[in-house]
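Participant: Once you've had a glance at the structure underneath, I'll fire off some questions.
The values are calculated or read from the model by the stated rules, or taken from the named source; none is laboratory data. All of these numbers come straight from a predicted model, not from anything done at the bench. FYI the Cβ positions are ideal-geometry reconstructions off the backbone, even for glycines, and counts take in every protein chain you see.
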Amino acid sequence: MLRILHAADFHLDSPFAGLTPEQAQRRRGEQRELLEDLAALARAEQAELVLLPGDLLDGDRFYPETAQALTRALGSIPCPVLLSPGNHDFFSPQSVYAALTWPENVHVFSSGELERFDLPELNCAVWGRAFTAPREDTSPLAGFSAPRDGALHIGCLHGDTTGGTDYAPISPEDMAQSGLTYLALGHIHQYSGLQKAGGTYWAYPGCPQGRGFDETGEKGVLLVDVDEGSVSTRFVPLARRRYEILSVDLTGEESALGAIEAALPPNTQDHIYRILLTGEGETPDLASLERALSGRFYGLTLRDHTRLPRDLWRRREEDTLTGLFLREMQSLCEQEPDNEVYQLAVRFGLAALEGGEDAAL
């Protein structure tokens, strides 16, 4: 059995433009700490191979501290580490990949053509390719089929399986005919689950830590076990800090603060939340709510999406289709005052009818 640690899309040295300079510096430091966490996981899980398919960095500029963290953490991993540069950190003579002196256990794919890297001690061959420009409109697997030479053939590629893009599009047909046992992919920031095309298993681990509210939830890396053609994966959370979006309905609530506190999961203090206040009620005092809640989170934003209360039955005496509808529904609601389905039917019916009014016959 071969155990692989598969991670991608760290986007080290992201600008974090929406934060203060101090906050951005702190977040970049936390990104570097993920490298040590990755190395510790590789040692603890006795990984035999680490694959990093692209966008390790967010761009071609990097801090000296990041270069030091990269070489120190990856060099401390007691197995081969293979990197395939992506569209954000594409290989060039000026890139971090060319500028650094890498530890002996680290190999960087530097060609725009698919390359083979043999690991005879693992009876394994890894196929990788570097982005050499921000965009690549051809599939790295087009026309490729791994030789049947007794070795285990693994792919390490940055690319897009959604189709119709110029980020090295990879189709299911490309994967199915590749002859690879496992294809470690980078580019998509959401964990894909273990997928299969033909005889080839493939996966995106997603990014190891979110950088904004478009990257919410648990983030991490994959442990991949390959055993005689069968593949299994285990998602391992790595992020120390998560972005989360929580909706809280204030309809009928006496206290907005109480409703929010009741909706919160435990242990939110290390995470960054956006709380959306919805439903009907008086306009909430966002400033006082933020003061009361700020200690519960690493970061918090509140957004008011509430509506002022309305009298649902205000138009029931009108000689219109809306009036007729409301009279019928009010009769039903009076017969079953606790029936929430009727209440919802009134709201949805009004929303539909108020888009266009006709006189009742």
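Participant: Any residue at all in region 241-261 that's within 21 Å of the chain's Cα centre (by Cα), closer than 19 Å to Arg211 by Cβ, among the basic types (Lys, Arg) and not in a strand (DSSP E or B)?
Facilitator: yes
Participant: Limited to region 180-219, what total is found for residues that are buried (at least 16 other Cβ atoms within 10 Å of the Cβ) and small (Gly, Ala, Ser)?
Facilitator: 6
Participant: Which condition breaks for Gly323 when tested against (1) at pLDDT below 95; (2) not assigned by TED's automatic domain parsing to the domain that holds Leu353?
Facilitator: Status for Gly323: all satisfied but (2).
Participant: For a quick check of your reading of the model, give me the residue pairs whose first member lies in region 204-216 and is within 15 Å of Thr301 (Cα to Cα), whose second is among the basic types (Lys, Arg), with beta-carbon atoms closer than 7 Å and at least 6 apart or on different chains.
Facilitator: Taking only residues 6 or more apart or on different chains, the pairs are Phe213/Arg274.
Participant: Among the strands (runs of 3 or more DSSP E) confined wholly to region 157-211, which include 2 or more residues that are within 25 Å of Cys124 (Cβ to Cβ), assigned by TED's automatic domain parsing to the domain that holds Ser232 and among the aliphatic types (A, V, I, L, M)?
Facilitator: Hits in region 157-211: 182-186.
Participant: Next up: Every residue in region 262-281 that is assigned to a loop (DSSP other than H, G, I, E, B) and in contact with a Ser or Thr (Cβ under 8 Å, 6 or more places away or on another chain), please.
Facilitator: Gly279, Gly281
Participant: Please go through region 86-127 and give me each residue that is among the charged types (D, E, K, R) and within 25 Å of Asp227 (Cα to Cα), ordered by number.
Facilitator: Passing the criteria: Glu115, Arg116, Asp118, Glu121.
Participant: Which residue is farthest from Tyr182 (Cα to Cα), if the candidates are limited to region 135-152 and must be loosely packed, with under 14 Cβ neighbours inside 10 Å and under 25 Å from the mean Cα position of the chain (by Cα)?
Facilitator: Looking at the filtered set, the residue picked out is Arg135.
Participant: Within region 73-80, is there a residue that is part of a helix (DSSP H, G or I) and out of contact with any strand residue (DSSP E or B) (no Cβ under 6 Å at 6 or more places or on another chain)?
Facilitator: yes
Participant: Can you name every residue in region 88-134 that is surrounded by fewer than 13 Cβ atoms within 10 Å (Cβ to Cβ), more than 19 Å from Pro169 (Cα to Cα) and small (Gly, Ala, Ser)?
Facilitator: Ala98, Ala99
Participant: Here's another thing I want to ask about it. Looking at Ala40, is it within 15 Å of Thr71 (Cα to Cα), of a type in the set (A, V, I, L, M, F, W, C), modelled with pLDDT of 95 or more and surrounded by fewer than 17 Cβ atoms within 10 Å (Cβ to Cβ)?
Facilitator: The answer is yes for Ala40.
Participant: Determine which member of the set Arg310, Arg291 is assigned to a helix (DSSP H, G or I) and surrounded by fewer than 14 Cβ atoms within 10 Å (Cβ to Cβ).
Facilitator: Arg291
Participant: Hey, can you tell me all the residues within region 110-139 that are touching a residue at least 60 places away in the same chain (Cβ under 8 Å) and small (Gly, Ala, Ser)?
Facilitator: Gly128
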